[in-house]
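Only one structure is covered here, and it is reproduced in the block below.
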Amino acid sequence: MGVVTYNYDSISPVAPARLFKAFVLEADKVWPIAAPHAIKSIEFEANPGPGSIVKVNFVEGLPFQYMKHQIGENDENKFSYSYSLIEGGPLGDKLEKINYEIKFEAAVGGRSVYKSSMKLYTVGDYVITEDEIKALIKGSEGVYKAIEAYLLANPDACN
């Protein structure tokens, strides 16, 4: 098994508190409404807290039916959270899991910086390429940008 770390940053016109609420605290409500082209539903297999499993169900026609995350730590004061992708989605037979550490930081003009650190754990001696990592990010960006657009179009959401 190999481990590859990849860091990714993005600027958002949405404030960190609203992004955190949409992505973490109200994900089960917001994601299916904001990204109906991709997300069918989100289910918590136990109380939504550290150690719990979250199942994200995708709409028909996408390459994956679902993925499961295990929730790590959430810090509402620092707008940060962590989770591990442990089943389904892009893992296939080449990745054992992907650990994510996410933080929304305040930026000038009420905007925010989305900072993501990914640790990809490969199966056996498989070596993941930068192009494969960028493809994973591109897939996630579609949902991220849809949620961002939803928040911009609905200024009262996630306040």
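The values are calculated or read from the model by the stated rules, or taken from the named source; none is laboratory data. Keep in mind it's a predicted model, so treat the numbers as computed, not measured. Cβ: placed from backbone, ideal geometry, glycine included. Neighbour counts: every protein chain shown. To get the accessible areas, we keep the full protein, side chains included, count just its heavy atoms, and leave off ligands, DNA and RNA. Shrake-Rupley method; radii C 1.70, N 1.55, O 1.52, S 1.80 Å.
Listed values, structure above:
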quantity: Every residue from segment 58-83 that is charged (D, E, K, R) and surrounded by fewer than 16 Cβ atoms within 10 Å (Cβ to Cβ); calculated: Glu60, Glu73, Asp75, Glu76, Lys78
quantity: Yes/no for Val30 being among the β-branched types (Val, Ile, Thr) and surrounded by 15 or more Cβ atoms within 10 Å (Cβ to Cβ); calculated: yes
quantity: Hey, Val108 open to solvent by 60 Å² or more (accessible area, probe 1.4 Å), within 18 Å of Ser10 (Cβ to Cβ) and among the aliphatic types (A, V, I, L, M) or not; calculated: yes
quantity: Looking only at segment 80-105, and only at residues there that are of a type in the set (Asp, Glu) and either under 13 Å from Tyr8 (Cα atoms) or at pLDDT 95 or above (or both), the one that is nearest to the chain's Cα centre (by Cα); calculated: Glu101
quantity: Filter pass, Gly61 being closer than 14 Å to Asn74 by Cβ, out of contact with any helix residue (DSSP H, G or I) (no Cβ under 8 Å at 6 or more places or on another chain) and either touching a residue at least 12 places away in the same chain (Cβ under 8 Å) or in a loop (DSSP other than H, G, I, E, B) (or both); calculated: no
quantity: Failed item in (1) open to solvent by 30 Å² or more (accessible area, probe 1.4 Å); (2) part of a strand (DSSP E or B); (3) within 24 Å of Leu151 (Cβ to Cβ); (4) not basic (Lys, Arg), with Ile86 passing the rest; calculated: (3)
quantity: Subset of segment 89-105 (residues that are farther than 21 Å from Leu19 by Cα, part of a strand (DSSP E or B) and open to solvent by 70 Å² or more (accessible area, probe 1.4 Å)); calculated: Glu96
